[in-house]
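A short write-up of the structure that comes next.
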Amino acid sequence: QVQPVESGGGLVQPGGSLRLSCAAPRIPFSIYDMAWYRQAPGKERELVARITSGGSTNYADSVKGRFTISRDDAKNTVYLQMNSLKSEDTAVYLCNAVGYHTYWGRGTQVTVSS
C-alpha cells in the first residue's frame with residue numbers, strides 16, 4: 001500500500017496539544033513535498049502546513065505560531081505538532097505527498113472540545 005497513513009488524532013480540550021504523524025514507507029519520501037490539510041464538516045479542504053523536500057515550510061495564517069510541521073526522512077514520516085488548540089481546529093486532518101505522483105492519506109480525526 002502506497003497510501004500514507006496518519007495517526008495521532010483524538011479528543012483534546014481547548015488549549016491542549018496533539019502531535020500527528022504520517023508514515024509513507026513505500027514512496028521515495030526524501031524527494032517528496034509533504035503537507036497536512038484539514039476538512040471540517042460542511043467546509044472545503046484547506047492547507048494547514050507544508051514542508052518541501054528541502055525543508056522549507058509554510059503555514060495557514062490561522063495556525064501560524066501554534067502548529068509546527070517537521071519531517072524525518074530516515075523514518076519516511078512527517079509530523080504536525082499542534083499547540084494551543086482551539087475548537088475551530090476540529091477537523092479531519094489529511095496527509096498529502098507530492099512528487100512524481102500525488103498521494104493522500106485517509107485522515108485522522110481531531111476534535112477540540114471541553
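Taking the Kirkwood radius as Rh and the Cα radius of gyration as Rg, the stretch 58-114 has a ratio of Rg/Rh equal to 0.99. Within the same chain, lysines fewer than 8 places from Lys43 are excluded, and of the rest, those with a Cα less than 25 Å from its Cα are Lys64, Lys86.
Taking K and R as +1 and D and E as -1, what net charge do the other residues with C-beta under 11 Å from the C-beta of Asp33 add up to? The answer is +2.
The packing ranking, built from the mean of other Cβ atoms within 10 Å per residue, places the peptides 82-89, 101-108 in the order 82-89, 101-108, highest first. The share of accessible area on the chain that comes from carbon and sulfur is 46 percent, using a 1.4 angstrom probe. Charge dipole of the chain (Cα centre as origin; +1 on each Lys and Arg Cβ, -1 on each Asp and Glu Cβ, all else neutral): 100 debye, rounded to the nearest 20. Our coupling estimate for the stretch 64-70, obtained by passing each phi through the Karplus curve with A = 6.51, B = -1.76, C = 1.60 and θ = phi - 60°, is 4, x, 10, 10, 9, 9, 8 Hz, Gly and Pro reported as x. In the context of the full set of protein chains, residues of the chain present 52 Å² of accessible surface per residue (probe radius 1.4 Å, heavy atoms only). Rg and Dmax of the stretch 2-71, both derived from C-alpha coordinates alone, stand at 13.1, 37 Å. In a DSSP loop and with at most 11 other Cβ atoms within 10 Å, the GluC sites (Glu not before Pro) in the stretch 1-61 are Glu44. Take the Cα of Arg26, step 7 Å along the line toward its Cβ, and report every residue of the stretch 71-114 whose backbone nitrogen sits under 19 Å from that point. Of the residues in the stretch 71-114, 75-78, 95-108 have backbone N under 19 Å from the label point off Arg26.
The values are calculated or read from the model by the stated rules, or taken from the named source; none is laboratory data. Worth saying up front: this structure is predicted, and the values here are computed from it rather than measured. Counting neighbours? That spans all protein chains shown, and the Cβs are built from the backbone with ideal geometry, glycine included. To get the accessible areas, we keep the full protein, side chains included, count just its heavy atoms, and leave off ligands, DNA and RNA. Shrake-Rupley method; radii C 1.70, N 1.55, O 1.52, S 1.80 Å.
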